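Visitor: Encoded as structure tokens, here's the structure I'll be asking about.
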Amino acid sequence: MKAKSARNRKDELYEAGLKVRKEVLTAEYVDRQFAAASEFTRPMQEMATPAWGVVSARPGLPHKVRSMLNIAFLVALDKPEELELHTEAALRNGVTEEEILEILMQAAVYCGFPAALRGTRVARQAVERYAGKAPPKKASKRARARR
């Protein structure tokens with residue numbers, strides 16, 4: 001049996017990553033990211049997509065567990081914009097509001113209260129928006145500047 005070429009493997013990872021990325025973040029979101037990408041930012045979108053194929057398409061953890069880990073990691077890194085996106089993704093992946101709160105409380109002990117408190121505010125907005133209790137998010141100044 002002939003080994004797969006590096007190009008075929010790269011294409012497979014890209015396709016697997018695109019599929020999972022659209023499942024988790026929504027096809028609309030991913031399509032918007034590519035449509036809004038400039039010549040400068042497109043390579044980052046193209047690099048991020050196969051990364052999803054390398055990790056998130058693996059069968060070892062369900063999307064729900066990966067989403068829970070992402071919330072914790074993003075609180076630890078104090079990355080609110082990504083936390084908001086991944087909190088909504090976590091809800092789509094079956095993570096409950098109660099589980100999100102427990103992750104945030106755990107993060108407070110291990111990552112520090114300032115990051116967890118900020119994460120809690122961000123997650124609350126995402127939870128409310130997902131439940132239809134908050135208005136849709138406006139594009140950030142940074143996102144508008146990229147267009």
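Every read-out reported here was derived from the displayed coordinates using simple, explicitly stated rules and does not represent laboratory data. Remember, it's a predicted structure, so these values are computed and weren't measured experimentally. When we count neighbours, we look across all protein chains shown, and the Cβ atoms used for this are built from the backbone with ideal geometry, even at glycine.
Visitor: Quickly rank 72-78, 118-124, 59-65, 107-113 as a protection proxy: mean count of other C-beta atoms within 10 Å, highest first.
Guide: 118-124, 72-78, 107-113, 59-65
Visitor: Please give me the summed charge of the neighbours of F73: other residues whose Cβ is under 11 Å from its Cβ, Lys and Arg +1, Asp and Glu -1.
Guide: Summing Lys/Arg as +1 and Asp/Glu as -1 gives 0.
Visitor: Would you mind putting 11-19, 43-51 in packing order, based on average other-beta-carbon counts within 10 Å, highest first?
Guide: In decreasing order of mean packing, 11-19, 43-51 become 11-19, 43-51.
Visitor: Let me ask you something else. Applying the Karplus parametrisation 6.51 cos²θ - 1.76 cosθ + 1.60 with θ = phi - 60° to the phi angles of region 41-53, what ³J(HN,Hα) value in whole Hz is obtained for each residue in order, glycine and proline being reported as x?
Guide: Values per residue, Gly and Pro as x: 8, 4, x, 5, 5, 5, 7, 5, 4, x, 4, 4, x Hz.
Visitor: How tilted is helix 113-130 with respect to the longest principal axis of the chain? Cα atoms for both, answer in degrees (0 to 90, nearest 10).
Guide: It is inclined by approximately 80 degrees.
Visitor: Additional query: Could you work out the helix-only [θ] at 222 nm for the chain, with each DSSP H run of four or more residues adding -39,500 (n - 2.57) and the total divided by the number of residues, to the nearest 500 deg cm²/dmol?
Guide: Calculated mean residue ellipticity at 222 nm is -24500 deg cm²/dmol.
Visitor: Report D for the chain in µm² per second (integer): Stokes-Einstein, Kirkwood Rh on Cα pairs, 25 °C, 0.890 mPa s.
Guide: Once the numbers are plugged in, D ends up at 149 µm²/s.
Visitor: Enter the angle in degrees (range 0 to 90, nearest 10) between the Cα long axis of helix 80-92 and the first principal axis of the Cα atoms of the chain, meaning the one along which they spread out most.
Guide: Roughly 80 degrees between the two axes.
Visitor: To continue, here is another question. So what's the angle, to the nearest 10 degrees on a 0 to 90 scale, between helix 97-111 and the longest Cα principal axis of the chain?
Guide: The angle comes out at about 90 degrees.
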